[in-house]
Amino acid sequence: MLNEYGFTEARNDFSRVFNMVFNEREPAVIRRNRDQEVLMLRKDLLKDMLSAYVLDVDLLPENDCSFTVSIDILELAANGPTQEEALNELIQDLKIYAQDYMERSQLFLNAPNRKHHLPYLLRILLCDSDEEIKSLLKVHHAS
């Protein structure tokens, strides 16, 4: 069972709760009222947990010599004159979608076809650079 703290208790002793979560690597649940709970968790542990969510990218050469890349699980696609430019465009679209998802989370988390996108997009949002995002992409050449 996870460590649980009432909101007031966590606020009054935040340094201790934070140190326990960070130094001891023990997640903590903070509860306000009876039905509001949040989880405190180290960022690196969350990144590790989300590593199971693979971003498979299909790369398809087009008849006009351009390239289309798509991530089916997120229903995203981008096109560019080169493979590199198509991937860069996809990375920008991923960042925009991830930000939009967070800004309108009530909409997306209640949409059956979008709710499952959250862990993939959290992976994107936890990245510090486009290169880190690119390292998450597993490109498969379509036949």
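The values are calculated or read from the model by the stated rules, or taken from the named source; none is laboratory data. If you're wondering where the values come from, they're calculated on a predicted model, not measured in any experiment. A quick note on method: Cβ atoms are made from the backbone with ideal geometry, for glycine too, and the neighbour counts reach across all protein chains shown.
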Practice prompt. Taking I73 as the residue in question, decide whether it is under 15 Å from the mean Cα position of the chain (by Cα), crowded, with 17+ Cβ neighbours inside 10 Å, part of a helix (DSSP H, G or I) and at pLDDT 95 or above.
Written response: no
Worksheet item: Inside region 14-36, can you point out the residues that are surrounded by 13 or more Cβ atoms within 10 Å (Cβ to Cβ) and outside any helix (DSSP H, G or I)?
Response: E26, P27, A28, V29, I30, R31, R32
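Residues checked against (1) under 27 Å from E26 (Cα atoms); (2) touching a residue at least 40 places away in the same chain (Cβ under 8 Å):
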position: L50; (1), (2): yes, yes
position: Y53; (1), (2): yes, yes
position: T68; (1), (2): no, no
position: G80; (1), (2): no, no
position: I96; (1), (2): no, no
position: Y101; (1), (2): no, no
position: H117; (1), (2): yes, yes
position: L125; (1), (2): yes, no
Fill in: For Q99: the one exception among (1) farther than 18 Å from H141 by Cβ; (2) assigned to a strand (DSSP E or B); (3) not aliphatic (A, V, I, L, M)
(2)
Worksheet item: What about N3, is it modelled with pLDDT under 95 and surrounded by 12 or more Cβ atoms within 10 Å (Cβ to Cβ)?
Response: yes
Worksheet, complete the sentence: Exactly one of N63, N88, N113, N79 is assigned to a helix (DSSP H, G or I), more than 12 Å from the chain's Cα centre (by Cα) and modelled with pLDDT of 95 or more, and that residue is N88
Item to complete: Could you list all residues from region 48-60 that are surrounded by 14 or more Cβ atoms within 10 Å (Cβ to Cβ) and part of a helix (DSSP H, G or I)?
Response: L50
